[in-house]
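Here the structure is laid out as structure tokens; the discussion comes afterwards.
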Amino acid sequence: MALKQHKDERIRFEQQVDNSRSYVLPFIENTKELHEGLNVMEIGCGEGGVLLPFAEKGCYCVGVDLNPLRIDLANDFLSDEVAAGKMAFVYKNVYDADFLEKYKGFFDLIILKDAIEHIPEQAKFIPHLKNFLRPGGQIFFGFPPWYMPFGGHQQVCQNKVASVLPYYHILPKPLYKGILKAFGEPEPVIAELLEIKDTQITIERFQRIVQQSGLKVVNKQHYLVNPIYKYKFGLNPRKQIGAITAIPYVRDFLTTCVYYTVGEVGRSK
């Protein structure tokens, strides 16, 4: 049973704005002062709603996405900000040489909100992000750990049971695919869910990649109830209890969302 925001781009945009203003931006401000003159990039920006609160703070914002339709929507929804030179949205791959040449060492903050779990070869991708950071820059990651009840993004399923059934995404791939077919899911949905299974990321693997990339965790917050569930399911956000957060692997099964800010080791302004 696909949720309304999966079908209505304007609703999705407004939810992005509210979630960013209420949760993402305040979390980042715990370790990074946001003010006019800062440059912010969001990778996987979708309709651009996450960036609007940062533009309201005076930051210059660049949104990047590999879906040209969503870039068109961002340019439409935020046309006034784009026209005023406060924001720019580009259909581009951050690995492209011309993109790197233009933005090398340019950003004070990079945002990946519900994006890293969709990106292949994270051990290559995360260190690549350092190319775009100014000294003292930070990277924000917000993502659902793979082993949490709905870490496979099965809420996008059209079948009502398939969309609310927890944990079956961690089954072996052939069995998972067979269950999705048995529920009558269309091939594009199955392909999307299997792609997410291929790019899965856990808390442990994320932290290991961060360390191996010459980055350090600056701040983190684990959630028992993901803030985005306020819009999806009408549930109030709830932070994870410290005892669970401290238990490796177990926390992956019981934590529906994590927020991290990371910065470069030994590099500051």
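What follows is calculated from the coordinates using simple rules that are stated; it is not laboratory data. Quick caveat: nothing in here was measured; it's all calculated off a predicted structure. FYI the Cβ positions are ideal-geometry reconstructions off the backbone, even for glycines, and counts take in every protein chain you see.
Mind listing the phi-derived Karplus ³J(HN,Hα) values for region 27-35, rounded to whole Hz, using 6.51, -1.76 and 1.60 with θ = phi - 60°, and x for any glycine or proline?
In residue order, the calculated couplings are 4, 5, 5, 5, 10, 9, 6, 9, 7 Hz.
Please sort by residue number the GluC sites (Glu not before Pro) in region 9-105 whose DSSP state is loop and whose Cβ has at most 16 other Cβ atoms within 10 Å.
Glu33, Glu36
Length gain on complete extension for the stretch Ala182 to Lys104, per 0.36 nm per residue less the alpha carbon to alpha carbon distance?
Fully extending the segment from Ala182 to Lys104 adds 23.3 nm.
So what's the net charge close to Phe150: Lys and Arg +1, Asp and Glu -1, counting the other residues with Cβ under 12 Å from its Cβ?
Cβ neighbours under 12 Å give a net charge of 0.
Determine the distance separating the Cα centre of region 131-147 from the Cα centre of region 219-268; give it in Å without decimals.
The two parts, judged by their Cα centres, are 14 Å apart.
Determine how many Å³ per residue the convex hull of the Cα atoms of region 154-198 encloses.
Output value, Cα hull per residue: 60 Å³.
So who's got an amide H within less than 5 Å of the one on Thr202, skipping anything under 5 residues away but keeping other chains? H placed 1.01 Å off N, in plane.
Long-range HN contacts for Thr202: Trp146.
How large is ³J(HN,Hα), in whole Hz, for each residue of region 123-137 in order, when computed from phi with the Karplus curve 6.51 cos²θ - 1.76 cosθ + 1.60 and θ = phi - 60°, using x for Gly and Pro?
Running phi through 6.51 cos²θ - 1.76 cosθ + 1.60 with θ = phi - 60° gives 5, 8, 6, 4, x, 4, 4, 4, 4, 9, 8, 6, x, x, x Hz.
Enumerate the amide H contacts of Met41 below 5 Å, restricted to partners 5 or more residues apart or on another chain; note that Pro and chain-start residues carry no placed amide H.
Val62, Leu109, Ile110, Ile111
Starting from the alpha-carbon convex hull of the chain, give the projected area averaged over all orientations, in nm².
13.8
Which length gain, in nm to one decimal place, applies between Ala97 and Ala246 when the Cα-Cα distance is subtracted from 0.36 nm times their residue separation?
49.6 nm
If a paramagnetic tag sat 7 Å from the Cα of Glu56 along the Cα-Cβ line, which residues of region 6-49 would have the backbone N under 16 Å from that point?
13-29, 34-36, 48-49
Based on DSSP H runs of at least 4 residues, each adding -39500 (n - 2.57), what is the mean residue ellipticity at 222 nm of the chain after dividing by all its residues, to the nearest 500 deg cm²/dmol?
-9500 deg cm²/dmol
Quote to one decimal, in nm, the extra length available between Tyr167 and Arg10 on full extension: 0.36 nm per residue of separation minus the C-alpha distance between them.
Additional length available on full extension: 53.5 nm.
What list of ³J(HN,Hα) couplings, whole Hz, do you get for region 52-64 from phi and the Karplus terms 6.51, -1.76, 1.60, once you set θ to phi - 60° and write x for glycine and proline?
4, x, 6, 5, 5, 7, x, 6, 8, 10, 10, x, 10
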